Amino acid sequence: MSEQAVVSLRNVTKSFGAGGVTALQSIDLDVRPGEFVSLIGPSGCGKSTLLRVVGDLVEPSSGEVIVNGKSARQARRDRDYGIVFQDAVLYDWRTVEKNIALPLELLGWDKGRQTERVRELLELVELQGFGSHRPWQLSGGMQQRVSIARALSFAPALLLMDEPFGALDEMTRERLNSELLRIWQASGSTVIFVTHSISEAVFLSTRTVVMSRRPGRIAAIVDVDLAQPRNADTREEPRFFELVTEVRDRLREGGLDEESTAPGEGELVVSEETP
Amino acid sequence: MSEQAVVSLRNVTKSFGAGGVTALQSIDLDVRPGEFVSLIGPSGCGKSTLLRVVGDLVEPSSGEVIVNGKSARQARRDRDYGIVFQDAVLYDWRTVEKNIALPLELLGWDKGRQTERVRELLELVELQGFGSHRPWQLSGGMQQRVSIARALSFAPALLLMDEPFGALDEMTRERLNSELLRIWQASGSTVIFVTHSISEAVFLSTRTVVMSRRPGRIAAIVDVDLAQPRNADTREEPRFFELVTEVRDRLREGGLDEESTAPGEGELVVSEETP
Amino acid sequence: GGGDEDDEAAAEDLTPVTLQSKWVVQAQFAGYYAAVDQGFYEDEGLDVTIRAGGPDIVPEQVVAGGQAEFGINWLDSLLATRDQGQGLVNIAQVFTRSGMTEVTWKDTGLDEITKLEGKKVGVWLGGNEHKLFAALTKNGLDPQQDVEIVAQPFDMNLFLSREVDAAAAMTYNELAQVLEVENPDTGELYTEEELNVFRMSELGTGALEDGIFVREDWIADTENQDVAKRFLKASFRGWIYCRDNPDSCVDIVLENGPTLGAGHQAWQMNEINDLIWPAPLGVGIMDPESFEITNQIATDYKIIKTPATDDAYRTDIAEAALAELEDEDTTGEDWEKPEVEVTPGGE
Amino acid sequence: MAYAASATARPPLLDRERTRNAAASVGLFLAVLIALWALWEGFKAFGESTGLRLGQFEANDRTMPHIHDIVSTLFEPSRRNGPLLIDVLWDAALFTAKEAAVGFTLGALIGFVLGALLAHFVLLQRGFLPYIVASQTIPILAVAPMVVVWVNPRLPPGLKDWGAVAVISAYLTFFPVAINTLRGLTSVDPRALELMRSYAAGSWKVLWKLRVPAALPFIFAALKIAAPASVVGAIIGELPASIQNGLGGAILNFNQYYVTAPTRLWATNLIAALLGISFFLVVLLAERLAVRRAPEHVA
Amino acid sequence: MRSRLRRAAREWLPAALVFVAGIAIWEGAVRGFGIENFLLPAPWDIIGTLVDDWGELSSAAFFTFREALAGFVIGCSAGFLVAAAIARFRLLRTAIMPYAIAAGAIPIIAFAPITNNWFGVTGMSSKIAIAAILCFFPMLVNTMKGLTSVPASSIELMRSYAASELTIFRRVRVPTSLPYVFAGLKVGTVLAMIGAIVGDYFGGSPGALGVEIRRWVGIFAFDQAWAGIVLASALGIVFYGSVAVAERLAMGWHPSVRGARPE
Ligand SMILES: Nc1ncnc2c1ncn2[C@@H]1O[C@H](COP(=O)(O)OP(=O)(O)OP(=O)(O)O)[C@@H](O)[C@H]1O
Ligand SMILES: Nc1ncnc2c1ncn2[C@@H]1O[C@H](COP(=O)(O)OP(=O)(O)OP(=O)(O)O)[C@@H](O)[C@H]1O
Ligand SMILES: [Mg+2]
Ligand SMILES: [Mg+2]
């Protein structure tokens, strides 16, 4: 199994600082080639940290991370993956175009190809006409789309995406969902995808990993056995709703198993002075 | 009508730079006291800009903005509103607690009351134990919750919220939805709320303003005549689904009226080299 | 410096040498600039570059470091350097007497050096203070204990503003600077009548000043001895020229120092001539008696640990140079110091 | 970036406003000039008439020459029958400018490279930074002779003397550049660095594509400090190098004769200051061209 | 405890090693190449002199350090305040900057006679003035950059609270500008030391380090002169180091201090 796994985590634990927060605890996970794995879990449970560990951007406190049969570090060095961060992380001194072209520059693509590719991508994320804008001239969602375009630019075989569609409206989001699926299928790449939308997770993925509240553990793994290719109809299938319900249930269990903050607890006492 | 309006926009237009992007065009809107108005619209249509205009953080290119019967500037000076930005905007040099206490400090609350209030708020947003962390030690969703807590801290009569729950998981989001409704009802405050979630907009608001694609215009206003108080059952009501569908339809219309990017157009040509 | 790279062709067969002077361009070094200007060095087959001095230039350091063949400094300073083990040797003592003075205001009543007890006394530190210390000691005052020594800047302001009770002044420079200033109370220039001037030469502590020195190992070479002889010969000619044509020399100095005041330089030229001429032994020849006084002062003030010997100077090269100048008046016995007017502001 | 999404805090200026602002600031500059002049002359007059003494300070023509005297000195002959002082100083300023320009270039380069090295190699920083600091506390006048004695013989004839001055000028210039570069290069947003790491970009690429652009505000602040400093360095360097044709020689002379002609030193300072200001302006211009980012980041 | 020791070792060991190696190379070079004492004395001789003349040297160094410290405090405060004024009132910039640059472009040797004239040669004040003028400009430029490099969103938040300019200044601009301010302060420490020492070259009270160094050089006592220089450098490092420590305490949150992981 781990022989063929694209990503393989063995007993990975990550805590920040001496005696600080434990973000990940004993994570075991294998992602097979061509899989589309969604990570879902309560805020602060360690999803981003997990992605960072896979990308060798953060070192695990213990445990082993194998990517494409080599160490995470080596995989990073080999540029085996592309990543979309939770916040856009654009460089203010570069135009939108140049932000998207950044990985291409680093890969040494020639100018002509870069321009062509950037044009395609701008169209994909519907930012035609904003190529020469600066990041701070864009809305939040537009920035996120730039960062998606940047990650897709060099078509990495492994895509790590941290809530890429979080700041997008439903229509754009659905369109990009379909595009992402199309790209994924056409290229046979592997995707690890963090989202807070249960239906998005179910719609997109072949497996959904449900994480539990801090310290982040894997609470459940739900196999999403919906037919491929998926499309608007998929969302109407009964199995889709079943799976959504199942993920939601797993999430509730996972969310409650550590801290039992019953809803209603921690209510806000409305301050006396309403000015 | 404008007599009693909390926020009243008259023919407001905002364009950036000379001959640049027009973010808002001829916006007319009145928000009555005690209303909960949601803004929904495609990414980049001008929702954040609209909120900023109301908050006097950006000056409209033309048109008039009246808040609480006075100019937007005066209203800001009188601290008539609290705002949650699309990104958290926390000060790195302050701990979580101190970030939340910032408006209280500025209002001159005494230390004891501040501490008490911050404790309540940390509980509300489920960040107990993170009070003395620094912003960069938090996950994206946690940061957003800090910024929500900060906006709620001094219980402003007008709340401007820009996708406050965008980075939160479904459970936390639902809980905070309920909390927000509770606070809104208990305090009789007015809320303008930007969201990308149609169901969230319908669930929360008394009116939903649908904005159209760039240049941002008001495409439709949907009155949400669901009974108050709303709760988990509300989401099961047929009227809820009707309204969701209506907003979705309005949104589609608005989304298409300017640029007609048929889905499928702008497809991504998968790059040849899959490494 | 004075050495512009002008005519390359002519310079080809000339021997290039460098002279490091003690201070910035001024009439104090007029003889050398005149020798350049009048072609005296060239006549001797030398291409001389004069490097101006400054507050952070120690000529001995420059010469010992091989950056210049010839250096000019006060003799006591040279002795101190030798005492530190540096092989430098004086080959010509150009100034035959000391021009250093200590001045006080007449109206303070400090008309005797002994009255400086407990007073603030300004002097330049860094090898220039010993003559004064000697004078104080000679008059029963311990320079470390009985007076308050102040490191004096290069201008005379602290004297004029009466921040100190006494200040060091060279006859050819600072003294004139005081006289070139208007007394705000009278609207007239200050006059010498308003000052008490204690001359080190009169107090018997006139350690010798400007002399030319070279490295011992350099001068051991006979070819270099010839170079040195030619250098001295031309330099002496320069000084003789300046004695006989002071106005022309002032112009030459001004040429080299575009920011200098003409009046002040004229005064300085005159006073410098007074320190050189008459030179009873011939210009540049060390007077053993004066050498001993200097040596004594240096020893007494622990600038040097062991008294210097006669090895510190040699007169043979200067004598050889003088021998070739038989036609000229090399002693200036008949020279009379002319009067030079003080000009306001030294203009 | 966290702040990228926000609009400008300060609304962009209209052309009309910009012109008005420019006019206003020129007006203000003149106002300050006049105010300073009035203050100076007023204080002097007051001090002279009351015989005011503050510690050592006493207002008179020597401590506070009339401003108009300082300016008019420039247009008087530098001495009897000599050229105008301004001509002499102009030549000197040009000479010094040449040394300072080379010194600045050299110093800025060294400072930048040093800052970059220290930023990349923590060990280097821990090992050497203290001694770089130490090198700067060594009074330049003490080492300058060493520099001249060591550097001069190794320079080609065309660079002799003034080349050594440039080295001294560089020595006084590089430190602020190194410190600010170090700070700037290490102030990069950690998330922006993570992005580069994800591309396995080598340190060289990270430096040019991320760290340097992000550090530009720091670097330009340093260059603005370094520009006038290089003029100072050149002037100071002229002393041990025995150079008399530059402003250093002039300053030293006027320094020496301060009591007899104080206005000349002030006038020379004026020229030195103008030279420094023009160096500063060149850097400012370069900054305007190089830094194109959110308006609120360009001060 | 153990790890604390280890961390301290990690921080200080490289400097110590370089120190030892540097001294060894220096000593070796001086002996090996026969570098003349008047260019660079051997460390061993300098150390010997330091020990022998400790009393005189240390009191001179301390005197000068006090001048530098006072000048530093005055110059940096002035730089900060003027920067604050300029950052707040943009129009002031064109009105004031030329004078500030002028202060940064006039060399010490030109200031010396003027400060000597104004504040006297014998006291500390003229050296303090020189040190202050030297610190002023770097502090001004850095602070100004820092105060105006605040992300717009940070300011917007404050504006939404109708915070006064003063409040924004205190709570946002100052914290954001700290990295710049501390860079300015660091540069200021060494400039203050230089100013105080070099100021002495142009007259001062005996017992000040610069006066003594100048005097020693004049009588070719280079061992003493260099002992003085070494002492001045040591004080400079201590001075700089204390600012660096203050910076760490004040700026723990900043990437440059908390250590963004380099590639
Ligand atoms: N640099 C850091 N230093 C200290 N603690 C950190 C750091 N980064 C993350 N953490 C902690 O690790 C935990 C997990 O964070 P992470 O960002 O992985 O959460 P997440 O699942 O992505 O949450 P969200 O959905 O809100 O983005 C959080 O409790 C957070 O406080
Ligand atoms: N500072 C700015 N300079 C120039 N253009 C800007 C600026 N801020 C916003 N815009 C433009 O204004 C338009 C509206 O932006 P706004 O942030 O209001 O969108 P939004 O509706 O909030 O989008 P999202 O849902 O993606 O956050 C965008 O096209 C954007 O490019
Ligand atoms: Mg996250
Ligand atoms: Mg927005």
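The values are calculated or read from the model by the stated rules, or taken from the named source; none is laboratory data. What you see is a predicted model, and the numbers here were worked out from it, not measured in a lab. Note: ideal-geometry Cβ built from the backbone for every residue, glycine included; neighbour counts use all protein chains shown.
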Can you give me the ranges of the helices (runs of 4 or more DSSP H) entirely in the stretch C:108-206 with at least 2 residues that are closer than 27 Å to E:G199 by Cβ? C:130-138, C:157-160, C:174-179
When the stretch B:62-97 is checked residue by residue, the ones that are at pLDDT below 90 and more than 22 Å from B:A157 (Cβ to Cβ) are B:D87, B:A88
Is there a residue being at pLDDT below 90 and closer than 30 Å to E:P41 by Cβ anywhere in the stretch C:1-15? yes
Name the residue that is nearest to the other protein chains (Cβ to nearest Cβ), counting only residues in the stretch D:25-75 that are more than 28 Å from D:L85 (Cα to Cα), of a type outside the set (A, V, I, L, M, F, W, C) and in a loop (DSSP other than H, G, I, E, B). D:Q56
B:P215 fails exactly one of (1) within 15 Å of the chain's Cα centre (by Cα); (2) within 30 Å of B:S61 (Cβ to Cβ); (3) surrounded by fewer than 20 Cβ atoms within 10 Å (Cβ to Cβ), namely (1)
Of everything in the stretch E:15-38 that's in contact (Cβ under 8 Å) with a residue 12 or more places away in the chain and not in a helix (DSSP H, G or I), which residue is surrounded by the most Cβ atoms within 10 Å (Cβ to Cβ)? E:F38
Consider A:D92 carefully, then state whether it is away from ligand 3 (no atom under 16 Å from the Cβ), within 30 Å of B:L51 (Cα to Cα), more than 13 Å from chain B (Cβ to nearest Cβ) and not in a strand (DSSP E or B). yes
Within the bounds of the stretch A:214-233, is there any residue that is more than 11 Å from every other protein chain (Cβ to nearest Cβ) and within 16 Å of ligand 2 (Cβ to nearest atom)? no
Mind listing just one residue for me: the one in the stretch A:57-83 that is in a strand (DSSP E or B) and more than 10 Å from every other protein chain (Cβ to nearest Cβ) and, of those, surrounded by the most Cβ atoms within 10 Å (Cβ to Cβ)? A:V67
Residue check, E:V121 in a loop (DSSP other than H, G, I, E, B), more than 7 Å from chain D (Cβ to nearest Cβ) and out of contact with any Lys or Arg (no Cβ under 8 Å at 6 or more places or on another chain): yes
Got a sec? Which of A:D28, A:D56 is away from ligand 2 (no atom under 16 Å from the Cβ), more than 14 Å from the chain's Cα centre (by Cα) and either under 20 Å from A:D80 (Cα atoms) or outside the structural domain of A:S187 (by TED's automatic domain parsing) (or both)? A:D56
Kindly indicate whether any position in the stretch A:132-143 is within 12 Å of ligand 2 (Cβ to nearest atom) and in the same structural domain as A:S205 (by TED's automatic domain parsing). no
List pairs: first residue in the stretch B:44-58 and away from ligand 1 (no atom under 16 Å from the Cβ) and at pLDDT below 95, second residue of a type in the set (S, T, N, Q) and outside any loop (DSSP other than H, G, I, E, B) anywhere in the structure, Cβ distance under 9 angstrom, at least six positions apart or on different chains. B:G46/B:T22; B:G46/B:Q25; B:G55/E:S160; B:D56/B:S71; B:D56/B:Q74; B:D56/E:S160; B:L57/E:S160; B:V58/B:T49
Only residues that are more than 7 Å from every other protein chain (Cβ to nearest Cβ), assigned to a loop (DSSP other than H, G, I, E, B) and within 12 Å of ligand 1 (Cβ to nearest atom): list them for the stretch B:140-175, please. B:F165
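Give the residues of the stretch E:165-180 that are facing chain B (nearest Cβ under 9 Å) and either part of a loop (DSSP other than H, G, I, E, B) or in contact (Cβ under 8 Å) with a residue 12 or more places away in the chain (or both), sorted by residue number.
E:R171, E:V172, E:T176, E:L178
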Any residue at all in the stretch B:21-31 that's in contact with a helix residue (DSSP H, G or I) (Cβ under 6 Å, 6 or more places away or on another chain) and among the small types (G, A, S)? yes
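Residue-wise test of (1) touching a helix residue (DSSP H, G or I) at 6+ places or on another chain (Cβ under 8 Å); (2) modelled with pLDDT of 85 or more; (3) more than 10 Å from chain E (Cβ to nearest Cβ); (4) farther than 30 Å from D:L252 by Cβ.
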site	(1), (2), (3), (4)
D:A142	yes, no, no, no
D:P145	yes, no, no, no
D:D161	yes, no, yes, no
D:L182	yes, yes, no, yes
D:W208	no, yes, yes, yes
D:P213	no, yes, yes, yes
D:L216	yes, yes, yes, yes
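Quick one: count up the residues across the stretch B:183-227 that are within 14 Å of B:P33 (Cα to Cα) and among the charged types (D, E, K, R).
Here the count works out to 1.
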Regarding the stretch B:125-139, can at least one residue be identified that is in contact (Cβ under 8 Å) with a residue 24 or more places away in the chain, in a helix (DSSP H, G or I), within 16 Å of ligand 3 (Cβ to nearest atom) and within 13 Å of chain A (Cβ to nearest Cβ)? yes
